[in-house]
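Presented below is the structure to which this report refers.
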Amino acid sequence: MTVGTSAARSQSRPAPTLEEVAERAGVSRSTASRAINGGLRVSPEALASVEAAVSELGYTPNRAARSLVTRRTDSIALVIPEPDERVLSDPFFAGTLSGLSAALQSSDLQLVLLIARPGDNARTLRYLRNGHVDGAVVVSHHRDDSVATALLEARVPYVFIGRPLSGDHTIQYVDVDNVRGARIATEHLIARGRRRIATIAGPEDMAAGIDRLEGWRTAMTTAGLADDAVTYGDFTLEGGAAAVRPLLAEHPDLDAIFVASDLMAVGAMRHLAELGIRVPDDVAIVGYDNLALASTMRPPLTTVVNPVVAMAKAAGTFLLDQLSGPSTVARTTIFSPELIVRASS
């Protein structure tokens, strides 16, 4: 009997209600609701009274009810138009998540991952159009995907990581100077005495692929060297291995390769090793990204830093600024590339 009475007394008090907050603050229920959900059309005195009542009672607003008033979901999407397997295996996307999470750490916003699979992104676009998120960060954008159009139609604030190819100059984005990064990588190989320098370029429908190819070509033509040794990959290990085969077949005299991503560079290096081609003695290799695996390769990979964590953090900050108030000025931040020289070149 004693045990039962003690247990009953130990039960927690029911959570305070909005009506109790209004009564404590000496205002109407509707005024209390408006004060809690943004403070619109509420006097400073009433707002202060409601805030004090919320604190004293330990009141927690109902998120669903709050959304009805503010039309906010308190969530943003990270949109990645890539296949599931690539998103889950490419360290670039882990860095993106890390940087974006850091930007949102001081806010109450939740991060939602949306994988817009190529050729099957209708569900993702529908989700964005139906108002399930307050904003979005888009990474790994391709020329023909419809993400930017969907966000524009839904009037959802958004920021790109990587230069968008839509031609809309009002889009905010952050990027690294990929043209310059590829150029300094190629100039490094030229300075090492290499003269038959090939490239494994990235996808032709992505800004990173286009810009890194341009940087390589600029360095080659400036040095008076042939710029005909080009193949294309998809920024994956398998893509790098597949792309190096036609290079070796068509250009057996090549002595260096600038590869547009570290994963492709590692794939190419592994294939070269299978053929008994030594790096860097026979063929020097430079990659792009400075992923963790670059320093663990044998030999360690010379590469260009792609500051993905910093870029994602900047994109998150841009988006938070948009959500706090509309701006008519498009913001762009371009990070400077840095070459990390290791033994592969």
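The values are calculated or read from the model by the stated rules, or taken from the named source; none is laboratory data. Everything quoted here is computed from the prediction, not taken from an experiment. In this analysis, Cβ positions are derived from the backbone assuming ideal geometry, glycine residues included, and neighbour counts consider all displayed protein chains. For accessibility, only protein heavy atoms count, side chains too; no ligands or nucleic acids. Shrake-Rupley method; radii C 1.70, N 1.55, O 1.52, S 1.80 Å.
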Residues whose placed amide H lies under 5 Å from that of Asn290, excluding near-sequence neighbours: Asp262, Val304, Asn306
Amide H contacts under 5 Å for Glu82, placed H, 5+ residues apart: Ala116
Accessible area of the range 89-226 belonging to carbon and sulfur atoms, whole % at 1.4 Å probe: 47 percent
Among 235-244, 289-298, the order from most to least packed when residues are scored by Cβ within 10 Å on average: 235-244, 289-298
Stokes-Einstein translational diffusion, the range 117-268 - Kirkwood Rh over all Cα pairs, 0.890 mPa s, 25 °C, in µm²/s: 145 µm²/s
Over 12 Å [Cα-Cα, the range 122-162], rounded percent: 53 percent
For the range 100-198, convex hull of alpha carbons as volume per residue, Å³: 146 Å³
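How would the range 92-147 be classified by its alpha-carbon gyration tensor: rounded, prolate or oblate, with rounded meaning a/c under 1.5 and the a/b versus b/c comparison settling the rest?
oblate
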Peptides ranked, highest mean first, by Cβ atoms within 10 Å: ranges 250-260, 169-179: 250-260, 169-179
DSSP bridge orientation in the chain - percent antiparallel, rounded to nearest 5: 5 percent
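Around Pro280, with a cut-off of 11 angstrom between Cβ atoms, what is the net charge of the other residues, counting Lys and Arg +1 and Asp and Glu -1?
The answer is +1.
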Calculated diffusion of the chain, Stokes-Einstein form, Kirkwood radius summed over Cα pairs, 25 °C and 0.890 mPa s, µm²/s: 106 µm²/s
Spin-label model distance (nm) - Arg41 vs Asp84, 7 Å beyond Cα toward Cβ: 4.7 nm
Principal axis dimensions, the range 192-253 - Cα atoms, whole angstrom, descending: 30, 26, 19
DSSP-defined beta bridges in the range 151-281 - what % are antiparallel, rounded to 5: 0 percent
Computed [θ] at 222 nm, deg cm²/dmol, the chain (DSSP H ≥ 4; -39,500 (n - 2.57); rounded to nearest 500): -14000 deg cm²/dmol
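Between Leu113 and His132, what is 0.36 nm times their sequence separation minus the Cα-Cα distance? Round to one decimal in nm.
Computed gain between Leu113 and His132 is 5.6 nm.
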